[in-house]
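The values are calculated or read from the model by the stated rules, or taken from the named source; none is laboratory data. Being a predicted model, the structure only gives us computed values, none of them experimental. A quick note on method: Cβ atoms are made from the backbone with ideal geometry, for glycine too, and the neighbour counts reach across all protein chains shown. Remember, those area values only see protein heavy atoms, side chains included, never the ligands or the DNA or RNA. Shrake-Rupley method; radii C 1.70, N 1.55, O 1.52, S 1.80 Å.
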Amino acid sequence: MSKRLIDLTHITKSFDGQMILDDLNLYIRENEFLTLLGPSGCGKTTTLRIIGGFETPDKGNVIFDGRDITNLPPNQRQLNTVFQKYALFPHMSIAENIAFGLKIRKKTKAYIDDKIKYALKLVNLEGFEHRSVNSLSGGQQQRIAIARAIVNEPKVLLLDEPLGALDLKLRQDMQYELIRLKNELGITFVYVTHDQEEALTMSDTIVVMNQGYIQQIGTPQDIYNEPVNAFVADFIGESNIINGLMLKDRLVQILDVKFACVDEGFGCNAPVDVVIRPEDVELVAPEQGKLEGDVVSLIFKGVHWETEVLANGFEWLVHTTQMHPVGTHVGIQVDPFNIQIMNKPESNDEKAVESHA
């Protein structure tokens, strides 16, 4: 298993009296692609800026490879940042942009020329040395910003929503480029996004944040299939989140109907959140379902039909490859393994998981 490269311990940060990060603890492994994911204002960019040295925490420490770098300026840290606004210099050629950091470090011309060729090849822009920044597309500018960062041979590349300005197709292409770069370079990527699809596609580890707290840390599969609370379930993909009553181990009441499930340890007659993914809801003949309802909406999504079914006063979101026209009377069935039970949070910002196993 890779060693721990960055340790954030008890990080607290507030701006103008408003708490942004509250006693945050997180570590990042060498050669890991770790994504900080959450809605606007959750603290993910502040966390990245603290790692990069652009912000200093009010409390806590940033440990890099065993050394406390909490108060070191950005240019003395072994990491580079790629921002959403790529911050390229329009009056410089591509080669000059890429060479900027190397010239500051007084590298030789031969060394710099080699590095420019290597970096352009890595980002699939060979022969672009003498082009101007303004002649490039958004995706090409994004690659140059990455090339400029990687020629400095950082141990860590910090990326703050770097694909946000690109259109969908280009964004998807760049996701695969970033995975390839990470594998070829063997460096650690710390990535900030609010786009859950982006996080699921690229990451080894996802850190879901909300209101300055870490809600859950895990692999994309863990986060999607085993969310620890309703916030994570709702933020990562679409979910049916329903008030339930855990009658006893392996039996939950949903919308006044008893459903078998596989969860235990919640006690008897305990109010819970029940989470069921749309692809896990099965539409069957009315007499075969646990619930009966009517199709009230239907949208074709290419791979599946996004169907809404009103049953027992709740609008169920269902993803199915079978077309059921609006008005169809259907039954709803859910496999016990696909019913996830969660404790109801005591407050909106209740802390969940704050460790990284």
Problem set entry | Looking only at the stretch 143-168, and only at residues there that are without any contact (Cβ under 8 Å) to a residue 60 or more places away in the chain and part of a helix (DSSP H, G or I), the one that is most open to solvent (accessible area, probe 1.4 Å) | L168
For this session: Look through the stretch 37-72, keep the residues that are part of a helix (DSSP H, G or I) and among the polar types (S, T, N, Q), and return whichever of them is nearest to D195 (Cα to Cα).
Result: T45
Seminar exercise, completed: Of the conditions (1) open to solvent by less than 70 Å² (accessible area, probe 1.4 Å); (2) out of contact with any Gly (no Cβ under 8 Å at 6 or more places or on another chain), the single one that A285 does not satisfy is (2)
Problem set entry | Residues (of a type in the set (V, I, T) and not in a helix (DSSP H, G or I)) located in the stretch 169-202 | I187, T188, V190, V192, T193
Exercise. Counting only residues that are without any contact (Cβ under 8 Å) to a residue 24 or more places away in the chain and within 16 Å of D280 (Cα to Cα), which one in the stretch 302-329 is nearest to the chain's Cα centre (by Cα)?
Worked result: V303
Problem set entry | Single unsatisfied condition, N75 versus (1) of a type in the set (S, T, N, Q); (2) touching a strand residue (DSSP E or B) at 6+ places or on another chain (Cβ under 8 Å); (3) assigned to a helix (DSSP H, G or I); (4) surrounded by fewer than 17 Cβ atoms within 10 Å (Cβ to Cβ) | (2)
Problem set entry | Filtered residues of the stretch 1-22 (kept if more than 13 Å from V156 (Cβ to Cβ), surrounded by 15 or more Cβ atoms within 10 Å (Cβ to Cβ) and of a type in the set (D, E, K, R)) | K13, D22
Problem set entry | Count of the stretch 106-134 residues which are open to solvent by 80 Å² or more (accessible area, probe 1.4 Å) and touching a residue at least 24 places away in the same chain (Cβ under 8 Å) | 5
Exercise. Considering only the stretch 205-226, how many residues are in a helix (DSSP H, G or I) and open to solvent by 20 Å² or more (accessible area, probe 1.4 Å)?
Worked result: 4
For this session: Taking the options Q84, Q76, Q175, Q141, name whichever one is touching a Ser or Thr at 6+ places or on another chain (Cβ under 8 Å) and closer than 29 Å to T47 by Cβ.
Result: Q175
For this session: Could you grab the pairs with beta carbons closer than 8 Å, sequence gap of 6+ or different chains, first residue in the stretch 256-276 and touching a residue at least 24 places away in the same chain (Cβ under 8 Å) and closer than 21 Å to S239 by Cα, second one in a loop (DSSP other than H, G, I, E, B) and of a type in the set (S, T, Y)?
Result: V275/S239; I276/S239
Seminar exercise, completed: T188 fails exactly one of (1) more than 30 Å from K3 (Cβ to Cβ); (2) in contact with a strand residue (DSSP E or B) (Cβ under 7 Å, 6 or more places away or on another chain), namely (1)
For this session: Please work out which residue is modelled with the lowest pLDDT, limiting yourself to the stretch 252-282 and to residues that are open to solvent by less than 30 Å² (accessible area, probe 1.4 Å) and in contact with a Pro (Cβ under 7 Å, 6 or more places away or on another chain).
Result: V275
